[in-house]
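Report on the structure given below.
The values are calculated or read from the model by the stated rules, or taken from the named source; none is laboratory data. Remember, predicted model here, so these are calculated numbers, not experimental data. Methodologically, a virtual Cβ is constructed for each residue, glycine included, from the backbone with ideal geometry; neighbour enumeration extends over all protein chains shown. When the accessible area is computed, the model is the full protein with side chains, heavy atoms only, and any ligands, DNA or RNA have been set aside. Shrake-Rupley method; radii C 1.70, N 1.55, O 1.52, S 1.80 Å.
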Amino acid sequence: MTTVIVDYESGNLHSAEKAFQRMASEVGAGKVTVTSDPDVVRGASRVVLPGDGAFPACRDELYDHRGLFEAIEEAVITQGRPFMGICIGMQMLATRGLEYRETAGFDWIGGTVERIAPSDDSLKVPHMGWNDLVIDQPHPVFDGVSTGDHAYFVHSYHFRVDDPAHLLAHVEYGGPITAVVGRDNIVGTQFHPEKSQSTGLRIIANFLNWKP
C-alpha cells in the first residue's frame with residue numbers, strides 16, 4: 001500500500017511528507033512517498049495533491065508535458081483511489097478559478113474559486129492563522145473531529161461549491177469560508193492539515209484509513 005504526495009513544484013513538501021509518514025506509521029497505512037513520476041502516481045493506493053501559490057500557475061504545472069494530471073485522473077477517477085487535495089490542491093477540484101485570470105480546474109466538484117470578501121472591513125485578506133471548523137456534513141475523515149476544533153489557514157481565495165452536499169465543513173471569516181469539500185472517493189481541505197496540530201493529524205490518519 002503506497003500513498004503518494006504529488007510533487008509538481010508547488011512548494012516545500014517536507015512538512016506534509018513528515019506528517020503523512022508519521023500517521024501512516026501509527027495506523028499501519030504502508031509507505032508514503034513524494035513523487036513527480038506519473039507511473040508511480042498511477043499505481044498508488046492513495047493520492048495526495050498539495051499546493052501553494054496561485055491557481056493558474058499550479059494548474060499549468062499539472063497540465064504540462066509530464067503527464068501528471070492524466071496519471072492523477074486515472075488513479076482517482078478511473079480506478080477510484082482515495083484522493084486528498086490540500087490548499088491549492090483542493091481548489092483544483094473546482095470547475096474554474098478566478099485568481100488573476102479565469103482558469104479551468106479539474107471540474108471534479110462543481111464550483112468556483114473566488115477571492116475572499118469579508119463583510120467586516122477589519123478582517124484582512126489573506127485569511128491567515130487559526131480558525132474554528134464548523135462541520136456541515138458527516139464524513140469518515142472527521143472521525144474524532146468536532147465543530148470548534150482548530151485548523152490553520154493561509155489563503156486569499158476560497159471554493160464556492162455549486163452543490164451544498166459537497167460542502168463538508170466551513171469556517172466563519174466575515175461570512176462562510178469553505179474549509180473541506182468532498183464527494184465519492186475525493187476530499188479536499190483548504191487548511192493545511194500538516195500544520196494543524198492534533199486536528200490535522202487526526203484528519204490525515206482518518207484519510208489513510210478511509211475506504212470509500
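Here the stretch 29-51 is the region considered, the condition is being assigned to a loop (DSSP other than H, G, I, E, B) and without any contact (Cβ under 8 Å) to a residue 60 or more places away in the chain, and the residue that is surrounded by the most Cβ atoms within 10 Å (Cβ to Cβ) is P50. From the residues in the stretch 52-78 that are free of Cβ contacts under 8 Å to residues at least 60 places away in the same chain and of a type in the set (A, V, I, L, M, F, W, C), which one is surrounded by the fewest Cβ atoms within 10 Å (Cβ to Cβ)? Among those that are free of Cβ contacts under 8 Å to residues at least 60 places away in the same chain and of a type in the set (A, V, I, L, M, F, W, C), it is I77. Tallying residues that are of a type in the set (A, V, I, L, M, F, W, C) and more than 17 Å from the chain's Cα centre (by Cα) within the stretch 45-85 yields 1. Looking at the stretch 18-28, is at least one residue assigned to a loop (DSSP other than H, G, I, E, B), touching a helix residue (DSSP H, G or I) at 6+ places or on another chain (Cβ under 9 Å), open to solvent by less than 20 Å² (accessible area, probe 1.4 Å) and of a type outside the set (V, I, T)? No, there is no match, as no residue in the stretch 18-28 is assigned to a loop (DSSP other than H, G, I, E, B), touching a helix residue (DSSP H, G or I) at 6+ places or on another chain (Cβ under 9 Å), open to solvent by less than 20 Å² (accessible area, probe 1.4 Å) and of a type outside the set (V, I, T). Of the residues that make up the stretch 77-86, is at least one assigned to a loop (DSSP other than H, G, I, E, B), under 16 Å from L49 (Cβ atoms) and of a type in the set (A, V, I, L, M, F, W, C)? Within the stretch 77-86, none of the residues are assigned to a loop (DSSP other than H, G, I, E, B), under 16 Å from L49 (Cβ atoms) and of a type in the set (A, V, I, L, M, F, W, C).
Candidates in the stretch 160-175 are the residues that are small (G, A, S) and under 17 Å from I186 (Cβ atoms); of these, the one that is nearest to the chain's Cα centre (by Cα) is A169.
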